[in-house]
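A short write-up of the structure that comes next.
The values are calculated or read from the model by the stated rules, or taken from the named source; none is laboratory data. Since this is a predicted model, take the numbers as computed values, not measurements. Because the Cβ atoms are built from the backbone with ideal geometry, glycine has one as well, and the counts that use them run over all protein chains shown. Side chains included, ligands, DNA and RNA excluded: accessible areas come from the protein's heavy atoms. Shrake-Rupley method; radii C 1.70, N 1.55, O 1.52, S 1.80 Å.
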Amino acid sequence: MTVPVFRFAPSPNGSLHLGHAYSALLNQKIAHNLHGRLLLRLEDIDRERCTPELEYFMLDELEWIGFSWEQPVRRQSEHFPVYQAALDRLIQMDLVYPAFLSRSGIRDEIERSNIDDWPRDPDGAPLYPHTERELSNRERQARISAGKPFAWRLNMDRAIETTGKPLVWHEFISHENIYARPQDWGDVIIARRDMPTSYHLSVVIDDSLQGITHVVRGKDLYHATSVHRLLQHLFGIEPPLYHHHRLILDESGNKLSKSRKDTSLRSLRQKGMTRQEICDLIGL
Ligand code: GLU
């Protein structure tokens, strides 16, 4: 029998809060129950927001709450060539295109379309207009050479056409099969000009390269799984099993945020809270 492999994959771009503690310790608990391995991956592709100092505190706090992981830690920032190769495959497959519209450019296009109820993605952002899907290679090259900023976006319709059948993922705690709806995201960003990847691309590549069999993460990433399922299909990757767990909410019912100091593990620790009190607070 193969050994289950779990991972906790935080981004060191702020302080860990109670929600992270819940996610990390839930991974640990399920991994333990299933006699699995537990890895730590630092999703630090954003070189401006992720700093060595934040990483240092993150590891220290994870240790403090009793999370223990296998060495080595995988840092995504050390693997850009791997993501570049994956992006190159999508470019060769003609499934991504350089997209030049700025945020205000997107707004102008939407206004020009005269469509009142322009569709929005599950995060609430307007879907990217399709106007640049069929630009000629010449025009694309001219804009790139002129130094126009761009991002690589997936041609969602073309990518979905390659699937042939609906894509499904399995929630292994609730035992549900979920139909992926990548179309809800429109032409998502796969990579940026100055960064050959995005969260979606690197998470899919890394979960596969690290042999992750069980992805346990918050419900806030439930809809993103549709995009991941599609990318797995495009790269011929077998999907892991998923569990999207409940979120720890603040007193007004909102998701905790990394910028809120009072629920950060660091401030709770400084106030003298013990590890056991943290576990009680999050119900683990
Ligand atoms: N790095 C992501 C975050 O901190 C989580 C990625 C994942 O678990 O798939 O929100």
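Checking V215 against (1) touching a strand residue (DSSP E or B) at 6+ places or on another chain (Cβ under 6 Å); (2) over 30 Å from D187 (Cα atoms); (3) β-branched (V, I, T), only one condition comes out false. Which one?
(2)
Quick one: which residue in S68, S11 is of a type in the set (S, T, Y), closer than 22 Å to H214 by Cβ, more than 16 Å from the chain's Cα centre (by Cα) and at pLDDT 95 or above?
S68
Please list, ordered by first then second residue, the pairs with beta carbon atoms under 8 Å, 6 or more apart or interchain, first in segment 272-284 and touching a residue at least 24 places away in the same chain (Cβ under 8 Å), second open to solvent by 60 Å² or more (accessible area, probe 1.4 Å) and part of a helix (DSSP H, G or I).
L284/K29
For segment 109-123, which residues satisfy the criterion of being closer than 24 Å to S136 by Cβ and open to solvent by 80 Å² or more (accessible area, probe 1.4 Å)?
Of the residues in segment 109-123, the ones closer than 24 Å to S136 by Cβ are 109-110, 112-113.
The answer is R112, and nothing else.
As an exercise: evaluate H130 against (1) in contact with a Lys or Arg (Cβ under 8 Å, 6 or more places away or on another chain); (2) surrounded by 12 or more Cβ atoms within 10 Å (Cβ to Cβ) and give the number of the one condition it does not meet.
(1)
Scan segment 1-43 for residues that are aromatic (F, W, Y), more than 10 Å from the ligand (Cβ to nearest atom) and either assigned to a helix (DSSP H, G or I) or closer than 26 Å to Q270 by Cα (or both) and jot them down.
Keep residues of segment 1-43 that are aromatic (F, W, Y), which gives 6, 8, 22.
Narrowing the set further to residues that are more than 10 Å from the ligand (Cβ to nearest atom) leaves 6, 22.
Across segment 1-43, the qualifying residue is only Y22.
Find the strands (runs of 3 or more DSSP E) located wholly in segment 174-228 whose residues include 1 or more that are in contact with a helix residue (DSSP H, G or I) (Cβ under 7 Å, 6 or more places away or on another chain) and within 15 Å of the ligand (Cβ to nearest atom), and list them.
Answer list for segment 174-228: 214-218.
Of all residues in segment 133-176, how many are farther than 16 Å from L90 by Cβ, in contact with a strand residue (DSSP E or B) (Cβ under 7 Å, 6 or more places away or on another chain) and open to solvent by less than 40 Å² (accessible area, probe 1.4 Å)?
Going through segment 133-176 one residue at a time, the tally reaches 3.
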